[in-house]
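Presented below is the structure to which this report refers.
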Amino acid sequence: MRRVRAAVAVLALAGATLGTAATTAGAAPAEGPRATATCPTGWGSGAKGGATMGADHLENVRTGQHECYDRIVFDVPGGGDQIGYHVQYVDRFYADPTGEYIPVAGGAILDIRIGAWSYDLEAGAPTYPGQVGKALPGVNVSGYDTFRDTRFGGTFEGQTQVGLGVRARLPFRVTQLDGRIVVDVAHSWTS
């Protein structure tokens, strides 16, 4: 009989403790449900290419940080949704067509080719001020989770080339929007 009373006392004490904890938790100020980022998966790391049409002019390159990925955007006003692109991982970055090796910092390198000139042949002036082998002007990727370096590869036959150094070979996606190409590189394979 003593054992039964002791078990009932333990259960009653446990129930009182849980009830107090629930009351205390219920009395805490409500913060609302925390939004947890659901990072996309399934992008893969294989080569990606889009429309081969379009030969307008690249005017700007910019980057941004997001909760699940780092982003680089190529602005081609007037290019509509027919801007060609080809993006793939490479072991080393070589400028096309010279074959000049351009070192790019990072654990992996994305070779990004955009179907747009960075130079206006008729006006005889650059539309984007990149210099072969140099970091992209106005783009600072220090402090990014994934991006490590950028290098301008040049323009040849209506195509501008950029080397993007990333932390590791990570999944990426390419989105073609009106007047721009967007490349997102995930922070990890699974988030």
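The values are calculated or read from the model by the stated rules, or taken from the named source; none is laboratory data. Since we're looking at a predicted model, the values are computed, not measured. With ideal geometry, Cβ positions are generated from the backbone for all residues, glycine too; neighbour counts draw on all protein chains shown. Protein only, heavy atoms only, side chains kept; ligands, DNA and RNA dropped before computing areas. Shrake-Rupley method; radii C 1.70, N 1.55, O 1.52, S 1.80 Å.
The residues of the stretch 73-100 that are of a type in the set (Val, Ile, Thr) and surrounded by fewer than 16 Cβ atoms within 10 Å (Cβ to Cβ), listed by number, are Val90, Thr98. Pairing residues of the stretch 58-72 that are exposed (fewer than 14 other Cβ atoms within 10 Å of the Cβ) with residues that are in a loop (DSSP other than H, G, I, E, B) and modelled with pLDDT under 95, at Cβ distances under 7 Å and at least 6 apart in sequence or on separate chains, gives Glu67/Ala37. Cβ separations smaller than 7 Å between residues 6+ apart or across chains give the following pairs from the stretch 137-150 residues that are in a loop (DSSP other than H, G, I, E, B) and at pLDDT 95 or above to residues that are charged (D, E, K, R) and open to solvent by 80 Å² or more (accessible area, probe 1.4 Å): Val139/Arg62; Val141/Arg148; Thr146/Arg167. Considering the conditions (1) closer than 14 Å to Glu59 by Cα; (2) without any contact (Cβ under 8 Å) to a residue 60 or more places away in the chain; (3) assigned to a strand (DSSP E or B), Pro129 is excluded by exactly one of them, (3).
Exactly one residue out of Asp149, Asp178 is under 14 Å from Asp70 (Cβ atoms) and not hydrophobic (A, V, I, L, M, F, W, C): that is Asp149.
Any idea how many residues of the stretch 158-191 are assigned to a strand (DSSP E or B) and out of contact with any Leu (no Cβ under 6 Å at 6 or more places or on another chain)? Steps first, answer last, please.
Within the stretch 158-191, the subset assigned to a strand (DSSP E or B) is 159-166, 172-177, 180-186.
Next, only the ones that are out of contact with any Leu (no Cβ under 6 Å at 6 or more places or on another chain) stay: 159, 161-163, 165-166, 172-177, 180-184.
Residues meeting the conditions: 17.
Listed by first and then second residue, the pairs with beta-carbon distance under 7 Å, at least 6 apart or on different chains, first residue in the stretch 167-191 and on the phi > 0 side of the Ramachandran plot, second outside any strand (DSSP E or B) and surrounded by 17 or more Cβ atoms within 10 Å (Cβ to Cβ), are Gly179/Val76; Gly179/Gly79.
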